[in-house]
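Contents: one structure, followed by commentary.
Read-outs: derived from the displayed coordinates by stated rules, not from any lab. Since we're looking at a predicted model, the values are computed, not measured. For neighbour counting, all protein chains shown are included, and Cβ atoms are generated from backbone atoms with ideal geometry for every residue, glycine included.
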Amino acid sequence: MARVEVLLPQWGMGMSEGTITSWLKAVGDTVAEDEPLAEVEAEKVEETLESPAAGTLVEILVAEDETVEVRTPVAVIETTD
Amino acid sequence: MTVMSYLGAIGAAQKEAMLADDRVVIIGEDVEANVYGTTGGAGKSRASEGDFLQQFGRNRIRNTPISEEVIVGAAVGAAMTGLRPIVDLSYSSFLYMAMDQFVNQAAKNRYMFGGQASVPVVFRSAMFYGLSTGAHHSDRPYPMFMNVPGLKIVTPAYPSDAKGLLRTAVDSDDPVLIFEACVLWGSKEEVDENEYKIPFGVGRSVRTGTDATVIAVSGAVPEAVAAADTLAKEGISVEVFDPRTLVPLDVEGILTAAAKTGRVVVADPAHRTCGAAAEISALVSEHVFDSLRAPVRRITTPDIQIPFSPALEKQLYPNRIAIADAVRASLGVIAPDAAGANGAAGNGGRGGSVATPGADREELATGSAR
């Protein structure tokens, strides 16, 4: 069991922040690696945030419509291994 | 009115200018593919229906090779022979590669040719500071260009200003350099979707106040407003003034805002030496010295290279904590949270540099004992 923090990625050099427009998973859901977790709107793009690990989504730290800086933890995934 | 991001407002202004005048063309690196986000269609997708390339064609939206000296030189030539180019130079630190064209040609040609040719060209570039882009991409070089007679320097801090000032820039018969702070790209506000133009040399009083004045430039403006919000809760009323254009500079507006309170802090993300803050401080000291009740203070970036590390980098630029501290110092008051044993608050901007009042006394006592 390990807790993996999902950080808001910096998708491009001009990106300083992003808004979570919608969560595609809920707390308690099982997620696979690279599975879409949330939709994010940044300065220049709308992108899908993908899960960095397989496991269970145990915490959502940033609510929908909230804007946070890049590298901010937005969720926590608990892995099984 | 419609809510626009800073980047969206620039795109809207470019589209307006292109529709209004056939002589307006956009040239630069990757403008066809909308890599820098201001030549797209309605959505953020590069291929979305109706992007600039589809609307205006390759004759007016022109990709260039990666050669800044050629881009700037070609744009100056195009401007002197009848077009009104908007040049996207992406990173502000790439302007250095075209210094000869900027300083010896763009800035001087109207004078050198006795006014026979004008140089109506707009150069846009973004300052990618605060985003871990390393020393090569994080510069805020507008002070270097303020030192070159013949160039107009524009530093919008809000989406509405970005739109109105860019429209005025396209109308200018002289070369205009627009410096956009990347950290502002995502900021949003209500912007008039109709055509409007903001004159150069007219600053914006972002907030009115009576106890102290913060004159802030570019990315420091929203930080100054945040500092003013914090200080308002402590009963300190702060005026925030944004000159919006550095050349021409709204000297009258700056002096009026400074003299109103007599306590002046200048916040500027550029390096300290010979910066915009130095110029503004000098003007205030020269012209309204009698109104000053405390020394003018500058909050700038120290004269050092910008580290890649996000943790190190963020501490260098003017932030709300440093600006608020400077205002308090100007008024001779101590921050409420500094009265506790572990005074440092917020995102570490103040760090461990503020001593507790007890420690201050001890230091003073030691000092006087010597």
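Go through the stretch B:172-178 residue by residue and turn each phi into a ³J(HN,Hα) via Karplus (6.51, -1.76, 1.60, θ = phi - 60°); whole Hz please, and just put x for glycine and proline. So the Karplus estimates, Gly and Pro as x, are 5, 8, 10, x, 10, 10, 9 Hz. Bridgeable lysines around B:Lys163 (alpha carbons under 16 Å apart, same-chain partners fewer than 8 residues away excluded): B:Lys15, B:Lys188, B:Lys197.
To the nearest 500 deg cm²/dmol, what mean residue ellipticity at 222 nm is calculated for chain B from DSSP H runs of n ≥ 4 alone, each contributing -39,500 (n - 2.57), summed and divided by the residues? Helix contribution divided over all residues of chain B: -9500 deg cm²/dmol. Taking amide H as placed 1.01 Å from N in the peptide plane, B:Phe241 has its amide H under 5 Å from the amide H of B:Val206, B:Val214, B:Ile215, B:Ala216, each at least 5 places away in sequence or on another chain.
Kindly give Rg over Rh for the stretch B:2-151, based on alpha-carbon atoms, with the Kirkwood expression for the hydrodynamic radius.
Ratio of gyration radius to Kirkwood radius: 0.97.
Just to be sure I follow the definition: excluding the sites themselves, where is the longest run in chain B that has none of the chymotrypsin sites (Phe, Trp or Tyr not before Pro) in a DSSP loop with at most 16 other Cβ atoms within 10 Å? Mind dumping the intermediate values first?
Values: sites that count: B:Phe113, B:Tyr196, B:Phe308.
In short, B:1-112.
3J(HN,Hα) along the stretch B:147-156: 7, 10, x, x, 9, 9, 10, 10, 9, x Hz, from the Karplus curve 6.51 cos²θ - 1.76 cosθ + 1.60 with θ = phi - 60°, whole Hz, x for Gly and Pro.
The dipole here belongs to the protein assembly as shown: it is taken about the Cα centre, uses +1 on the Cβ of Lys and Arg and -1 on the Cβ of Asp and Glu, and is about 1720 debye. By the gyration tensor of its Cα atoms, with a ≥ b ≥ c the square roots of the eigenvalues, what is the shape of the protein assembly as shown: rounded for a/c under 1.5, prolate for a/b over b/c, or oblate? In terms of gyration-tensor shape, oblate. For the stretch A:1-53, the set of GluC sites (Glu not before Pro) satisfying both a DSSP loop assignment and a count of at most 11 other C-beta atoms within 10 Å is empty. When only alpha carbons of chain B are considered, Rg and Dmax amount to 21.9, 77 Å.
Less than 15 Å apart at the alpha-carbon level, and either on another chain or at least 8 residues along: which aspartates and glutamates does that give for B:Lys152? Leaving aside aspartates and glutamates fewer than 8 places away in the same chain, those within reach of B:Lys152 are B:Asp171, B:Asp173, B:Asp174, B:Glu180, B:Asp250.
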